[in-house]
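Student: This is the structure, below, for whatever I ask next.
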Amino acid sequence: MTQDSSDNLDKLIDAMLDMVASDGWPMVTLDAVALRAGVDTSEAHALCADRGQLLDAYARRVDVAACADAQAGSNPATRYDELLDILMRRFETLQVHRDAVVRLVREVPRDPITLLQRLPQSQRSFAFLAAAAGYPDKCLAGVVFAKALSAVWLATQRDWLRDDTADLSVTMASLDRNLGRAIDLVGPALRVGEAEPRDGAQ
């Protein structure tokens, strides 16, 4: 992808988020997003086949931002902390466009076709996040671990939606609790469990 195409994709993503925040997901079309973004319609369709692919592009942008400073490791204790930090940075990145994301969380499930089409990207996202922290992301272990992270995310997201603290402390506590439980559950079976108890593990 050229720099111009990358810039135009970012413009489309930002315009899509603005439109969702103001008008809601049902009103979003690729042509309307292109118009708001100031991107030629043909270029918009070359970058994304439909509005759903804009969601995938946004998810990839969020994942890259969350993993920007990640350092994958093999030590169980540091690996857990790294994954916790990555997932928390993902929430912090979403916080920038909180109004739009909240509407997406509530409205996209009412669009079952779009929701089902996003599942492969969701699996890739959580595999990418796992790998960034040094956890399995390939073969059966990677598939199972990514699904476990998806469950952690959905459980924590419920608390993020009601979290009005300035530092997202409610979200952080929920994430640590849910991730710890998931690691305890699937870790031993996948040989990725913690060698030592985690700080604050419940």
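Student: Please specify each residue of segment 64-81 satisfying the condition of being surrounded by 18 or more Cβ atoms within 10 Å (Cβ to Cβ) and modelled with pLDDT of 95 or more.
Tutor: Once the filter is applied, which keeps residues that are surrounded by 18 or more Cβ atoms within 10 Å (Cβ to Cβ) and modelled with pLDDT of 95 or more, segment 64-81 yields 66, 67.
Student: Moving on. Kindly indicate the residue of segment 106-144 that is in contact (Cβ under 8 Å) with a residue 60 or more places away in the chain and among the acidic types (Asp, Glu) and also nearest to residue 87 (Cα to Cα) among those meeting that condition.
Tutor: Ranking the candidates gives 107 first.
Student: Filter segment 150-171 down to residues that are assigned to a helix (DSSP H, G or I) and more than 14 Å from residue 80 (Cα to Cα), then give me how many there are.
Tutor: Adding up the residues that qualify gives 15.
Student: In segment 90-105, what count of residues is obtained for those that are surrounded by fewer than 17 Cβ atoms within 10 Å (Cβ to Cβ), without any contact (Cβ under 8 Å) to a residue 60 or more places away in the chain and either assigned to a helix (DSSP H, G or I) or on the phi > 0 side of the Ramachandran plot (or both)?
Tutor: 3
Student: Can you tell me how many residues within segment 1-57 are closer than 20 Å to residue 119 by Cα, out of contact with any helix residue (DSSP H, G or I) (no Cβ under 7 Å at 6 or more places or on another chain) and not in a helix (DSSP H, G or I)?
Tutor: Within segment 1-57, residues that are closer than 20 Å to residue 119 by Cα, out of contact with any helix residue (DSSP H, G or I) (no Cβ under 7 Å at 6 or more places or on another chain) and not in a helix (DSSP H, G or I) number 1.
Student: How about segment 15-48: which of its residues are under 15 Å from residue 99 (Cβ atoms), in contact (Cβ under 8 Å) with a residue 12 or more places away in the chain and either charged (D, E, K, R) or surrounded by 16 or more Cβ atoms within 10 Å (Cβ to Cβ) (or both)?
Tutor: Quick first cut of segment 15-48, residues under 15 Å from residue 99 (Cβ atoms) only: 15-25, 27-28.
Those still in the list that are in contact (Cβ under 8 Å) with a residue 12 or more places away in the chain too: 15-21, 24-25, 28.
Of everything in segment 15-48, those that are under 15 Å from residue 99 (Cβ atoms), in contact (Cβ under 8 Å) with a residue 12 or more places away in the chain and either charged (D, E, K, R) or surrounded by 16 or more Cβ atoms within 10 Å (Cβ to Cβ) (or both) turn out to be 15, 16, 17, 18, 19, 20, 21, 25, 28.
Student: State all residues of segment 130-179 that are surrounded by 20 or more Cβ atoms within 10 Å (Cβ to Cβ) and among the β-branched types (Val, Ile, Thr); if no residue qualifies, say none.
Tutor: 152, 156, 171
The values are calculated or read from the model by the stated rules, or taken from the named source; none is laboratory data. Note that this is a predicted model, so its numbers are computed, not measured. Virtual Cβ from ideal backbone geometry, glycine too; neighbours counted across all protein chains shown.
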